[in-house]
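Novice: Take a look at this one; I'll ask things after.
The values are calculated or read from the model by the stated rules, or taken from the named source; none is laboratory data. The structure displayed is predicted, hence computed values, not measured ones. As a convention, Cβ positions derive from the backbone with ideal geometry for all residues, glycine included, and neighbour counts pool all protein chains shown. Ligands, DNA and RNA are stripped out before the accessible areas are found, and what is left, the full protein with its side chains, is counted by its heavy atoms. Shrake-Rupley method; radii C 1.70, N 1.55, O 1.52, S 1.80 Å.
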Amino acid sequence: MSVKQNPLRKYIRDGNLPHFFCSGCGCGQVLNYFLKAVDDLDMNLDEIVTIGGVGCTARIPVYLSTDTFHGVHGRTLAWATGIKLYKPELKVVIFAGDGDLVSIGGNHFLHAMRRNLDVTVILVNNFNFAMTGGQVAPTTLFDSITMTTPYGSKENCLDICKLAETAGATYVSRWNTDKPMQSVNSIKKALQHKGFSLVEIMSQCPTNFGRYSLKTGDTKKVLDWIVDKSVPKAKAEKMSNEDLADKFVIGEFVHTEKPVFLGTTVYNQDEK
Amino acid sequence: MIDKENNWNQKRLKTGVHFMLGNYAAVEGALAAGCDYFAGYPITPANEISERMSQRLPEVGGVFVQGEDELFSIYSVASAALAGAKAMTATASAGFNYMQEGIGYASAVEAPCVILNVQRCRGENFATHADVMQMRWGASGDYETICLAPSSAQELFDYTLLGFNLAEKYRNPVIIMSETTIALMRERVLVPSYDEIEIVNRAYTDLQPDAYLPFKAEENAPPPMAPLGKGYHTLYTLNYHNEDGSIEWDPKGYDKLYKRITGKIWENRKDICRTEGYLLDDAETVIITYGSEVRPAMDAVRMAREDGQKIGLLKLVTVWPVPEEDIREVAKGVKKVYALEMNIGKYAREIERVCSRYCTVERITKNQGIIHTKDEIYQAIKG
């Protein structure tokens, strides 16, 4: 009897499965979406460097059969810059959780976008610090209960896509794990984009965010919570700010061209 | 990677005699070594390094980035190094604090790179050796650093060049421990000719991707690297890792990995460590010192010699790893060793550890943000 193998299995580093994500976690879905995009585009994984910092999402690249940097919290875009400027021919893809990207890594994120560094960031936003056990994150909604906000969070949450738009990212989109086709399409666009691309995928974390903030460890219920709050961009444009207050707008927000970053100052022999 | 024979750019090397700022000399030393990536963040008194790099590096085909902070500097340097660059960053004490995290990463994944730290005390640009222990012990976890202590603008050139070569040979971060005194001093610098410069390049694997294990190495040696983007699929993780790079969970794996990562420096210290002795042959007492303190110490030794005192000087070019064999050799033949430094007495502990079995050790320290004068040292050593 022949065993049928997942056609994307060839992109996984030998001996690394099963993965260590919790049952119901969206990171496995995002891994699939990325590989589907790579496969559809017929990209050569030898020419892609993947990067993960620290956190659940940061483990995604560890499973990939690519050159990979992993293991330091928040510094993904600093790594990405060193690689991209020295070897511009390589494609650099960063997998980052919300804590990794905009909490500890916020400053690097901001400046990489400002420079229009030619890399792709796939952000998995699960609204909390999951690997460390469910603490409040910059993306946690106001009044949410987490392991470090037992009386509710009194911090305002950050709209990362809005930040990216303001900071100068040249491709920005947001989906959730319930939108596989849109997510794959956006990742494909991001991978083909010349410049800083951000694809945010809101993802269910039943183990920590679900249990503490939503009082359920049920994957479907946590995902339903995200889906109920997700509003397509076209619909959102007709809604009041008040109605959008605790909603997540999904869609493509930015897709433009700008010169990419090659260094803080670049010598041009022709001009001398 | 700089191939001296094929893509050496003549603009790299300003052969000849210059009257040059110490910080500039370090830049020229880096360029001579083949540096082609620099990231830095503004901080006094290291700014002239970034400024000159921003001009010099792009014109020889290198990359210059002014990062958003020192964390950016050290991580982009480590990743550029793993992508093939000869990479460097420069900072001063307060900025060096931030870099410790990245030095830990660079040590764990064995990224060859050079970090120049101009020591300056807290907040102000004082002369100091206050960070000498931080060079070695700043980051968490197990590692060894190679740290070189120049005492002049010329040595800023020489040791930065040497630092790159040692970084390449051992796949390890190398720290150039500069000081305000020499960084902001202008003096004679001789830049040698092309033929006089020795360049060491890291070893790359000759294995095909299927057969290559990125962290498989000889005992106490660095593993050969694989080029990035060529199908080797190397995983460079801070987590402790197997020979194939995968994240290890077996505690014995931790022990094995760090035994090699620290052993490749410590067990090769005879190759790494450099010292210079002056008037040691008949010496009954010896000053052991490093960095710019060597300068007044040398004067003081000459003054004491004129009085007939049999005193010599051991200059530590390599501060870390501790050149134990050379220090011990000196200690065995003398009655007393003076541990001279510009701080509350830090490296003196290392000198005491090595010497106290053989002779007495007396500390001469000054912690005022001012270098010792020759008279102060002379008074301290006068019999």
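Novice: Calculate, for the range B:275-381, the solvent-accessible area per residue in square angstrom, rolling a 1.4 angstrom probe over the heavy atoms of the protein chains.
Specialist: Ligands and nucleic acids excluded, the result is 42 Å² per residue.
Novice: Which entries in the list B:264/B:382; A:4/A:179; A:36/B:216; A:189/A:229; A:188/B:216; B:264/B:335 go over 30 Å, if you measure between the two C-alpha atoms of each?
Specialist: Long pairs (Cα-Cα over 30 Å): B:264/B:382; A:36/B:216; A:188/B:216; B:264/B:335.
Novice: So what are chain A's ellipsoid semi-axes, whole angstrom, largest first, if each one is the square root of 5 times an eigenvalue of the alpha-carbon gyration tensor?
Specialist: 29, 24, 18
Novice: From the cross-link list B:270/B:366; A:91/A:194; A:87/B:86, which pairs have alpha carbons spaced over 19 Å apart?
Specialist: Cα-Cα > 19 Å for B:270/B:366; rest within.
Novice: Lys and Arg at +1, Asp and Glu at -1: add these up for the other residues within a Cβ distance under 10 Å of residue A:131 and post the number.
Specialist: Overall, the nearby charge balance is 0.
Novice: Would you kindly calculate the translational diffusion coefficient of the range B:254-325, applying Stokes-Einstein with the Kirkwood radius from alpha carbon pairs, for 25 °C and a viscosity of 0.890 mPa s, and quote it in µm² s⁻¹ without decimals?
Specialist: The Stokes-Einstein estimate is 178 µm²/s.
Novice: Another question, then. Go through the range A:175-272 and name the GluC sites (Glu not before Pro) that are in a DSSP coil and have 11 or fewer other Cβ atoms within 10 Å of their Cβ.
Specialist: Here the sparse-neighbourhood loop sites are A:237, A:242, A:257.
Novice: Would you mind telling me the antiparallel percentage of the DSSP bridges in the range A:21-252, rounded to 5?
Specialist: 10
Novice: Within chain B, which DSSP H helices have Cα atoms that stretch 15 Å or more along the helix axis and a mean Kyte-Doolittle hydropathy of at least 1.0?
Specialist: B:70-82
Novice: How big is the B-A contact in terms of buried accessible area, both chains counted, 1.4 Å probe, rounded to the nearest 100 Å²?
Specialist: 3200
Novice: With Rg and the Kirkwood Rh both taken from Cα atoms, where does Rg over Rh land for the range B:4-196?
Specialist: 0.93
Novice: Please label the shape of chain B as rounded, prolate or oblate, based on the square roots a ≥ b ≥ c of the eigenvalues of the alpha-carbon gyration tensor (a/c under 1.5 means rounded; beyond that, a/b larger than b/c means prolate, else oblate).
Specialist: prolate
Novice: Then there's this: How much accessible area per residue does the range A:124-167 have, in Å², with a 1.4 Å probe?
Specialist: I get 50 Å² per residue for this part.
Novice: Which whole-number percent of Cα pairs in the range A:1-124 have a distance greater than 21 Å?
Specialist: So the portion of pairs separated by more than 21 Å is 37 percent.
Novice: While we're looking at this one, here's another question. Per residue, how many Å² of accessible area does the range B:42-161 show with a 1.4 Å probe?
Specialist: 23
Novice: Using protein chains only (no ligands, no nucleic acids) and a 1.4 Å probe, work out which residues of the range B:209-236 have their accessible area cut by at least 40 Å² relative to the chain alone.
Specialist: So the qualifying set is B:228, B:229, B:233, B:235.
Novice: If you stretched the chain out fully between residue A:236 and residue A:265, how much longer would it get, using 0.36 nm times the residue separation minus the C-alpha to C-alpha distance?
Specialist: Additional length available on full extension: 6.3 nm.
Novice: Mind checking the alpha-carbon convex hull of the range B:313-383 and giving the volume per residue in Å³?
Specialist: Value for the range B:313-383: 90 Å³ per residue.
Novice: A follow-up question, please. Sticking with the crude label model, points 7 Å out along Cα→Cβ, report the distance from residue A:40 to residue A:256 in nm, one decimal please.
Specialist: Here the modelled spin labels are 2.6 nm apart.
Novice: Could you work out which residue, out of B:59, B:362, B:70, moves most in a Gaussian network model of chain B, that is, has the largest mean-square fluctuation with Cα springs under 10 Å?
Specialist: B:59
Novice: Tell me, what is a quarter of the convex hull surface for the C-alpha atoms of the protein assembly as shown, in nm² with one decimal?
Specialist: Over every viewing direction, the Cα hull of the protein assembly as shown projects on average to 33.4 nm².
Novice: I would also like to ask the following. How much of the accessible area of the range A:21-252, probe 1.4 Å, is carbon plus sulfur, in whole percent?
Specialist: So the carbon and sulfur contribution to the accessible surface is 52 percent.
Novice: According to a simple spin-label model (label point 7 Å from Cα along Cα-to-Cβ), what is the distance in nm between residue B:276 and residue B:239?
Specialist: So the label points at residue B:239 and residue B:276 sit 4.8 nm apart.
Novice: Per residue of the protein assembly as shown, what 222 nm ellipticity follows from adding -39500 (n - 2.57) for every DSSP H run with n ≥ 4, rounded to the nearest 500?
Specialist: -9500 deg cm²/dmol
Novice: Specify whether the C-alpha gyration tensor of the range A:123-272 places it in the rounded, prolate or oblate class, a ≥ b ≥ c being the square roots of the eigenvalues: rounded for a/c under 1.5, otherwise prolate if a/b is larger than b/c and oblate if not.
Specialist: prolate
Novice: Which FRET efficiency, nearest 0.05, do residue A:181 and residue B:367 yield, Cβ-Cβ r, R0 51 Å?
Specialist: Approximately 0.15, to the nearest 0.05.
Novice: Give, ordered by residue number, each residue of the range B:67-81 whose 1.4 Å probe accessible area is reduced by a minimum of 40 Å² on adding the remaining protein chains to the chain alone.
Specialist: Hits at the 40 Å² cut-off: B:68, B:72, B:75, B:79.
Novice: Leaving ligands, DNA and RNA out of it, report the carbon-plus-sulfur percent of the accessible area of chain B at a 1.4 Å probe.
Specialist: Carbon with sulfur: 47 percent of the solvent-accessible area.
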